[in-house]
Amino acid sequence: MDFKSILGENCKTGELLKKHTTFKVGGECDYFLTPVTEEELSLCMDIIKRGNLKYYIFGKGSNILADDKGYDGVIISTVGLNNSITHEGNIIEAGAGVGLDKISDYAMENSLTGFEFACGIPGSLGGAIVMNAGAYGGEMSNVLMEVKVLCPDGSIKWKVVSELDLGYRKSNILANNEIVLAAKLKLVYGNRDEIRAQIEDLNNRRSEKQPLEYPSAGSTFKRPEGYFAGKLIDDAGLRGFRLGGAAVSQKHCGFVINYDNASSDDIKKLIEHIKREVDEKFGVKLECEVRMI
Ligand SMILES: Cc1cc2nc3c(=O)[nH]c(=O)nc-3n(C[C@H](O)[C@H](O)[C@H](O)COP(=O)(O)OP(=O)(O)OC[C@H]3O[C@@H](n4cnc5c(N)ncnc54)[C@H](O)[C@@H]3O)c2cc1C
């Protein structure tokens, strides 16, 4: 059995990763697989393990900087995986590939509150769990109940949230070589109009403050304890600073943006420059939130 016989059209070779990252950079990978069922994913993982192939999991690619040199291995996109949302009472169950915007709309339609914080985060549920994504005072750990994962031994398990070691923009899922398949979110009954107003307000705040008109991966750096990365970068005199096609956003200094056909190298060099300047000026070591492959 090979990838093509399992996935048909959903197995591509030589696919450009720039088509699958919000930074809009990234060269070709050997295989780009988009399984839509758990069985397809398990069969693909068997081939990967038997062949000892290099692989990397993609959600919506909104927190990934892929190298222009490409990836000499298999990319598994989870955006098509278990693409459904259901609910029973105040518990929503959704597949790993479902977008956070869809889940927040679904929650709103069903008068469930608690997920509004995630409405403008352009990721998938799987990626948001791995990153413990958060915004405006909320984060995934506040609403997650259980997560269904494919384990490296091929078994499928539901894990309770305390098993995921969730912290600021981190979990133990990647270190455990697990793949998120689906999750249950525990929300609270609320008023649909109030939830809708909250979503609108947060989306407006995002488009006012963030450079959504440019490709990026959101906040490039984690929040250093006691500081804000954007403020440090601004105070270091780097607002609008450009390196090749990459730039520090004028609108929000915490965002490195693909200003004008940036290469992955432009972005990486700019990130290193920012880190160096902030360290030299303020003695603060910025840590990248964006995952590089
Ligand atoms: C404009 C913009 C605004 C943003 N705002 C925010 C914000 O407010 N808050 C915030 O926290 N983030 C924000 N982000 C970053 C990003 O959207 C989040 O980190 C998001 O959760 C990533 O989800 P994704 O599906 O795109 O994951 P990806 O970027 O595809 O992957 C992220 C990591 O998760 C892993 N992964 C993805 N899916 C799975 C899976 N199913 N199983 C196992 N591993 C998986 C990948 O290997 C990778 O290590 C923003 C990004 C952009 C571009």
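The values are calculated or read from the model by the stated rules, or taken from the named source; none is laboratory data. Everything quoted here is computed from the prediction, not taken from an experiment. Positions of Cβ are generated from backbone atoms using ideal geometry, with glycine treated the same way; all protein chains shown enter the neighbour counts. We work out accessible area using only protein heavy atoms, side chains counted, and drop any ligands, DNA or RNA first. Shrake-Rupley method; radii C 1.70, N 1.55, O 1.52, S 1.80 Å.
Side notes on the structure shown:
- Among the residues making up segment 1-21, a single one is touching a residue at least 24 places away in the same chain (Cβ under 8 Å), within 15 Å of the ligand (Cβ to nearest atom) and surrounded by fewer than 20 Cβ atoms within 10 Å (Cβ to Cβ): LYS18.
- Tally, over segment 173-230, of residues that are more than 15 Å from the ligand (Cβ to nearest atom), over 29 Å from MET108 (Cα atoms) and open to solvent by less than 60 Å² (accessible area, probe 1.4 Å): 1
- Being hydroxyl-bearing (Ser, Thr, Tyr), more than 11 Å from the ligand (Cβ to nearest atom) and modelled with pLDDT of 95 or more is a property that holds for THR113.
- Subset of segment 71-89 (residues that are more than 10 Å from the ligand (Cβ to nearest atom) and at pLDDT below 95): GLY80, ASN83, SER84
- Here LYS18, LYS4, LYS49, LYS24 are screened, and the one residue that is farther than 15 Å from ILE76 by Cβ, assigned to a helix (DSSP H, G or I) and basic (Lys, Arg) is LYS18.
- Residue match in segment 93-106 (condition: within 16 Å of the ligand (Cβ to nearest atom), open to solvent by 10 Å² or more (accessible area, probe 1.4 Å), in a strand (DSSP E or B) and not assigned by TED's automatic domain parsing to the domain that holds HIS20): yes
- Odd one out for ASP68, checked against (1) more than 13 Å from the chain's Cα centre (by Cα); (2) within 11 Å of the ligand (Cβ to nearest atom); (3) of a type in the set (D, E, K, R): (2)
- One residue from LYS275, LYS268, LYS251 being within 19 Å of GLU213 (Cβ to Cβ), among the basic types (Lys, Arg) and either in contact (Cβ under 8 Å) with a residue 40 or more places away in the chain or in a helix (DSSP H, G or I) (or both): LYS251
- Within segment 252-293, the only residue that satisfies the criterion of being surrounded by fewer than 17 Cβ atoms within 10 Å (Cβ to Cβ), more than 15 Å from LYS24 (Cα to Cα) and within 15 Å of the ligand (Cβ to nearest atom) is GLU287.
- Checked against the criterion of being among the small types (Gly, Ala, Ser), in contact with an Asp or Glu (Cβ under 8 Å, 6 or more places away or on another chain) and open to solvent by 20 Å² or more (accessible area, probe 1.4 Å), segment 42-51 has no qualifying residue.
- Note on segment 134-147: residues that are within 13 Å of the ligand (Cβ to nearest atom) and in contact (Cβ under 8 Å) with a residue 40 or more places away in the chain total 3.
- Residues that are acidic (Asp, Glu) and free of Cβ contacts under 8 Å to residues at least 24 places away in the same chain within segment 206-248 comprise GLU208, GLU213, GLU225, ASP234, listed in sequence order.
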